[in-house]
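Engineer: Before I ask anything, here is the structure I am working with.
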Amino acid sequence: MSTNEMDRVRDLLREPPPPSATSTAKALTLLEDEMAGRRVRAGLRVRAGRRRLGFGWPAGLGAGLVAAGAAAAVAVALTGQGTPGSPGSPDTPGGVDLNKQAVLAAAAKVELTPTGKYWYTDRIDGQSYIIRAKTGTYAIVGAASESFNWTGVKKGTGEAYYGRDLPARPLTAQDEALWKKAGSPSKFRVWSNDHYYTYSAEATKWRSDGPEVGIDPEGGGEFLGEPAEEWQNLPTDPAALAEKFLSGEEMLRGMGPLAKRGRKPTEEATASAGIWRTSGILGGTPVPPKVRAGLMRALASRPGIQAIGRVADPLGRDGVALAAFERTAEITGEYGGPKAEQGGYGHRLVIVFDEKTGGVLSVQDTLTKPGGPYAEMKPGFIINYVAVRSSGWTDTKPKPPAELPF
């Protein structure tokens, strides 16, 4: 993109056009497919009663995708675009996709980010559940946890891992109003996967994992199972990065059991896997700024990926987003779920970038067609998510934040 084009995009970002109903929807996703013999049940990633600590990126976002392939690839296939003729759509006069240009502008800003001695990531993940109270149906976020980890770039500079459970809470302001109308309960009994489980509106203290109370002074120098040098020496060209991490052939090799059964990944599956892989690399490794920018550009140009304008992440932060194609989920009573939890719905996988820094804000599974367990919800409803509270470089060993994120 030329300097004039970049200036044009920056001008657009300073005075953004009104977003469409779809592009302003909150969203994110954490769906896991049937890799390693697992099966997605009702589109939920968290087994009832199992509060996952999840240090670092989960399998769908971390080493499982970077080193072993797209574990969640076939589970989610998404679509997304603003309404016809909306700002940023290909129908804009001149044929310029302003939504995509905004993502590319965010990528350019990544090239300016500084580096340091330690890389850290503070992320939050959660699952939405529906509470069908007599006073009105509302949604909560349960199975929510926060993980914090830092790693020294050089071997022997140390690494640390921490995690805590976050309180279950109403998802939106409207949900909060209905929760209060229902008497502001502090516990929520919900159907999750194959049985009922009760989530509490209380948080836990930070707990650590690893030698010497969560800190390994001999650690460092490795990210997602690979030496830091490997990540530092990657190409910066988007085409080369796409071939290395996002190509259909690469995704096929990573889909182990599916590939062995002769199932070639669809364009939708490959696009979804690309979102997971990109978020895993950008959120979990200290790749150089130009590599980060190149990977963002590579993802934006992949088949099955569309720019959808501005989207709010689960923490209420606005960013520019890319989405894969829509997928339809059909929930049956196979696992004993109540009738209210059964039926079909449409959803899509979305990755949201901070337009000021190019950093990943979230990956979100978003409702596109209400139905089944989400029949009373509106398009844009967040089914589940991973949100990056903060990440980046520091020259001093960071500590997990004391305050809750919400």
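Derivation of every value follows stated rules applied to the coordinates shown; laboratory data play no part. No experiment lies behind these values; they were computed from the predicted model shown. All Cβ positions, glycine included, derive from the backbone under ideal geometry; neighbour counts span all protein chains shown.
Engineer: If the limit is 18 Å between Cα atoms, which of K180/K205; K109/K356; K117/K155; K117/K397; K134/K187; K290/K356 go over it?
Structural biologist: Details: K180/K205 26 Å; K109/K356 7 Å; K117/K155 11 Å; K117/K397 9 Å; K134/K187 16 Å; K290/K356 16 Å.
Table pairs above 18 Å Cα-Cα are K180/K205.
Engineer: Let me ask something else about it. Please compute the length gained on full extension between T266 and T113, using 0.36 nm multiplied by the number of residues separating them and subtracting their Cα-Cα distance. The partial results should precede the final answer.
Structural biologist: Working: separation 153, 0.36 × 153 = 55.08 nm, distance 3.52 nm.
Between T266 and T113, full extension yields 51.6 nm more.
Engineer: What length, rounded to one decimal in nm, is gained on full extension from H195 through to L315, with 0.36 nm per residue of separation minus their alpha-carbon distance? Don't skip to the answer; put the middle values down first.
Structural biologist: Values: separation 120, 0.36 × 120 = 43.20 nm, distance 2.86 nm.
Length gained between H195 and L315: 40.3 nm.
Engineer: Can you give the extra length, in nm with one decimal, that the chain gains between K134 and Q174 once fully stretched, where that is 0.36 nm per residue apart less the Cα-Cα distance? Can you show the working numbers first?
Structural biologist: Values: separation 40, 0.36 × 40 = 14.40 nm, distance 1.59 nm.
Contour length minus Cα-Cα distance gives 12.8 nm.
Engineer: E218 label point, 7 Å along Cα→Cβ, cut-off 18 Å on backbone N: hits in region 154-175?
Structural biologist: 154-161
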